[in-house]
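Novice: Shown below is the structure under consideration.
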Amino acid sequence: MPDTNRIVITGASGVLGTAVYREFKKALQYQVVGLKNKSPASHLVHLDLTDKEATKKKFEEIKPSWVIHCAAERRPDVAEKDLAGTQLLNVGVPEYLAELAGTLNFTLVYISTDYVFDGRSTPPGGYTPESPTNPLQHYGQTKRDGENVVLEAQQQGAKAVVLRVPVLYGPAPNNADSAVNILVDIVRDQLKEVNMDDYAIRYPTNVLDIASFLVRLTDLEARKVDTLPPILHYSANESFTKYDMCKIFADILGLDNMNHIKPVSTPPTGAGATTRPYNCHLSTAETEKLLPLQCSGFRQWWEEYLTSSSK
């Protein structure tokens with residue numbers, strides 16, 4: 001039988017996984033096991049999730065009540081260059097974890113993405129959990145396929161929920177670990193000219209807020225076992241292009257000159273360009289029936305974070 005207070009976080013060395021791991025540790029009532037693959041972090045447990053035998057053995061040993069599956073290939077450009085590896089990590093691994101959820105009786109939370117939608121005709125109020133998916137590139141396709149295998153296991157009796165999130169930001173050891181955080185470095189490096197997306201609309205969401213939500217979600221499920229819907233959305237509602245975000249960072253940093261960044265108001269084209277959706281706004285109405293979102297204000301959080309990190 002699983003330990004009712006034992007939580008496993010996969011991908012616990014990533015930006016989201018780190019935030020989730022720390023939030024559960026901070027909650028005190030949980031025994032938290034963070035899993036890593038390549039990270040040198042000594043407080044995390046090494047496990048190759050693509051090794052089914054090793055994964056089953058480790059999970060039987062841990063006996064978790066919840067598994068928060070943050071590990072994934074999350075970079076669309078990398079996904080296009082490693083089709084098989086991305087398929088294995090984004091589809092094969094969650095499929096096996098969902099199988100284990102059924103046999104070992106834990107609840108699986110599969111972290112997915114807004115890129116399962118094409119963003120071409122965004123419904124008023126955003127895509128709902130029931131909206132038809134239509135991913136535009138391999139990354140989105142594998143995350144959609146990962147959703148499907150988890151939902152199939154759920155229909156066969158496994159306890160699982162899909163949590164879709166948009167582009168993420170928050171505390172990170174390296175800004176390059178986040179598609180939003182890296183923009184701070186781009187704004188600061190005024191000697192390097194870059195083209196910046198001023199086309200696609202994003203809804204950047206803080207990993208600290210998602211981590212807090214997941215802790216509250218596990219507590220809710222512990223009290224009301226059958227209340228979780230199969231798919232939930234978590235997203236902030238402030239919308240920006242990447243160029244908009246760069247302007248905010250430049251203003252916070254007191255940089256008047258942003259001439260090295262050229263806004264591009266058309267979709268990416270040409271050899272090597274990875275198609276990205278225009279506007280994948282996620283409706284959070286169903287989620288808010290369960291719990292309040294408590295999302296950070298984008299500019300306010302960055303003002304506080306950049307000020308504190310510069311001291």
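The values are calculated or read from the model by the stated rules, or taken from the named source; none is laboratory data. Predicted model, so just to flag it, every value in this text is computed and none were measured. No Cβ is skipped: glycine too gets one built from the backbone with ideal geometry, and neighbour counts run over all protein chains shown. Accessible surface areas use protein heavy atoms only, side chains included; no ligands, DNA or RNA. Shrake-Rupley method; radii C 1.70, N 1.55, O 1.52, S 1.80 Å.
Novice: State whether the range 39-178 is rounded, prolate or oblate according to the following rule on the C-alpha gyration tensor (a ≥ b ≥ c being the square roots of its eigenvalues): a/c under 1.5 gives rounded; otherwise a/b larger than b/c gives prolate, and the remaining case gives oblate.
Specialist: In terms of gyration-tensor shape, oblate.
Novice: Compute the helix-to-body angle for 298-309: its Cα long axis versus the longest principal axis of the chain, expressed 0 to 90° and rounded to tens.
Specialist: Tilt relative to the chain: about 90 degrees.
Novice: When a/c reaches 1.5 or more, the comparison of a/b and b/c decides; with that in mind, is the range 1-68 rounded, prolate or oblate per its Cα gyration tensor?
Specialist: oblate
Novice: Step through the table entries Lys36/Lys262; Lys159/Lys289; Lys56/Lys242; Lys58/Lys143; Lys26/Lys247, compare each Cα-Cα distance with 29 Å, and write down the pairs that go over it.
Specialist: Details: Lys36/Lys262 38 Å; Lys159/Lys289 20 Å; Lys56/Lys242 41 Å; Lys58/Lys143 25 Å; Lys26/Lys247 34 Å.
Result: Lys36/Lys262; Lys56/Lys242; Lys26/Lys247 exceed 29 Å.
Novice: What are the ³J(HN,Hα) values, in whole Hz, obtained from phi via the Karplus relation 6.51 cos²θ - 1.76 cosθ + 1.60 with θ = phi - 60°, for each residue of the range 137-147 in sequence order, with x given for Gly and Pro?
Specialist: My calculation for the range 137-147 gives 9, 4, 4, x, 5, 5, 5, 5, 5, x, 4 Hz in order.
Novice: Would you look at the GNM of the chain, springs on alpha carbons closer than 10 Å, and say which of Gly125, Gly34, Gly140 moves the most?
Specialist: Gly125
Novice: What 222 nm value per residue comes from the helices of the chain, counting each DSSP H run with n ≥ 4 as -39,500 (n - 2.57) and dividing by all residues, nearest 500 deg cm²/dmol?
Specialist: Rounded to the nearest 500, the figure is -11500 deg cm²/dmol.
Novice: Using only alpha carbon pairs under 8 Å that are at least six residues apart, calculate the relative contact order of the range 230-311 and give it in whole percent.
Specialist: This gives 49 percent for the range 230-311.
Novice: Follow-up. Using DSSP to call loops (not H, G, I, E or B), can you name the GluC sites (Glu not before Pro) in the range 34-142 whose Cβ has at most 11 other Cβ atoms within 10 angstrom?
Specialist: When the GluC sites (Glu not before Pro) of the range 34-142 are filtered for loop state and at most 11 Cβ neighbours within 10 Å, Glu130 remain.
Novice: Still on this structure, I have one more. ³J(HN,Hα) across the range 75-88 via Karplus (A = 6.51, B = -1.76, C = 1.60, θ = phi - 60°), whole Hz, x for Gly/Pro?
Specialist: Values per residue, Gly and Pro as x: 9, x, 5, 5, 4, 5, 8, 10, 5, 5, x, 5, 4, 5 Hz.
Novice: Compute, for Thr307, the solvent-accessible surface of its heavy atoms (probe 1.4 Å) with the complete set of protein chains present, and express it in square angstrom to the nearest 10.
Specialist: Surface accessible to solvent at Thr307 totals approximately 70 Å².
Novice: What number, in percent, do you get for the relative contact order of the chain if the mean sequence gap of Cα pairs under 8 Å and at least 6 apart is divided by its residue count?
Specialist: Over the chain, the number comes to 19 percent.
Novice: Follow-up question, since we're still on this one. Around Ala179, which amide H atoms from residues at least 5 apart in sequence, or from another chain, sit under 5 Å from its own amide H, with H modelled in the peptide plane?
Specialist: The answer is Leu168.
Novice: Right, something else. Angle between the Cα long axis of helix 15-26 and the longest principal axis of the chain, 0 to 90 degrees, nearest 10?
Specialist: Helix 15-26 and the main axis of the chain meet at about 50 degrees.
Novice: Sorted by accessible area with a 1.4 angstrom probe, largest first, how do Val15, Val78 fall?
Specialist: The ordering from most to least exposed comes out as Val78, Val15.
Novice: Ignoring ligands, DNA and RNA, how do Cys70, Cys280 rank by accessible area with a 1.4 Å probe, largest first?
Specialist: Ranked from most to least accessible, the order is Cys70, Cys280.
Novice: Please identify every one of the chymotrypsin sites (Phe, Trp or Tyr not before Pro) in the range 76-178 that sits in a loop by DSSP and has no more than 13 other beta carbons within 10 Å of its own beta carbon.
Specialist: Nothing satisfies the criteria.
Novice: Tally Lys/Arg at +1 and Asp/Glu at -1 over every other residue whose Cβ is under 15 Å from the Cβ of Ala41; what's the total?
Specialist: Working: positive: Arg22, Lys25, Lys36, Lys38; negative: Asp177.
Residues close to Ala41 contribute a combined charge of +3.
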